[in-house]
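The structure appears right after this line, and notes come after that.
Read-outs throughout are calculated quantities, based only on the coordinates presented, and are distinct from any laboratory measurement. All figures in this text were calculated on a predicted structure; none of them were measured in a lab. All Cβ positions, even for glycine, are placed from backbone atoms using ideal geometry, and neighbour counts span all protein chains on display.
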Amino acid sequence: ASRQTDHAPSGWFLAGSKPANYRTGVDTQVLREGLPSAYLASTVQDTGGFGTLMQSIQATEYAGKRIRLRAWVRSENVTDWAGLWMRVDKGSASVGFDNMQQRAIHGSQPWMTYDVVLDVPADATGISFGTLLSGPGQVWLSAVKLEVVGQDVATTGGHESLPTTPVNLDFQR
């Protein structure tokens, strides 16, 4: 008997640029601290894009606050990249985003904890988050937490990563 379900865990859904080339579900064999994990895996070698196991919520509870998405992730044979991601929306516009592409998960990695931290403007309307896998491979997700954090916790994405002033305008370095 398979120890993996073949449908998204309750409250989650499969999406992405090529969701048909991925499968997801709950894995009762790959445990972390005795608890089952969710998995996201490619079904073809040439995926032509990415898949994500995600959910979307209203921003109401987090409006005006800094939030951290923290989860344990394990990877196997990730040839392109994988990561956690979170997006903060105001209507149809994205006002905060980080998908870990600059610090991506590659190859086969043991269980490790990862963070994505974004500010939620007071007028934000929605928050989406999950794990994504670009290209072939498989990732597992465990102990997902979305929590309010203090201003002492640095953000990981969005506009904060931009310099505050122009740099190297004379190309001297």
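Taking 7 Å steps out from each Cα toward its Cβ at Thr43 and Ser10 produces label points 2.4 nm apart.
Could you work out Rg/(2.2 N^0.38 Å) for the stretch 31-173, with Rg from alpha carbons only?
My calculation over the Cα atoms of the stretch 31-173 gives 1.14.
For the stretch 1-56, the Cβ-based charge dipole about the Cα centre amounts to some 20 debye (Lys, Arg positive; Asp, Glu negative; other atoms uncharged). FRET efficiency for the pair Arg32 and Asp123, taken as 1/(1 + (r/R0)^6) with r the Cβ-Cβ distance and R0 = 41 Å, rounds to 0.65. Here is the list for the stretch 83-173: chymotrypsin sites (Phe, Trp or Tyr not before Pro) lying in DSSP coil, each with at most 15 other C-beta atoms within 10 angstrom of its C-beta, are Phe171.
Computed about its Cα centre, the charge dipole of the stretch 81-125 is approximately 140 debye, with only Lys, Arg, Asp and Glu carrying charge at their Cβ.
Within the same chain, lysines fewer than 8 places from Lys18 are excluded, and of the rest, those with a Cα less than 27 Å from its Cα are Lys90, Lys145. When the Cα positions of Ile67, Gln109, Thr79 are compared along the charge dipole of the stretch 62-136, Ile67 comes out farthest toward the positive end, with charges on each C-beta of Lys, Arg, Asp and Glu. Each of Ser142, Thr125, Val95 was placed along the dipole of the chain (beta-carbon charges, centred on the mean Cα), and the one lying farthest toward the positive end is Ser142.
Taken along the Cα-to-beta-carbon direction at a fixed 7 Å, the label points for Gln102 and Arg3 span 3.8 nm. Between Val153 and Thr79, full extension at 0.36 nm per residue minus the direct alpha carbon distance yields a gain of 23.5 nm.
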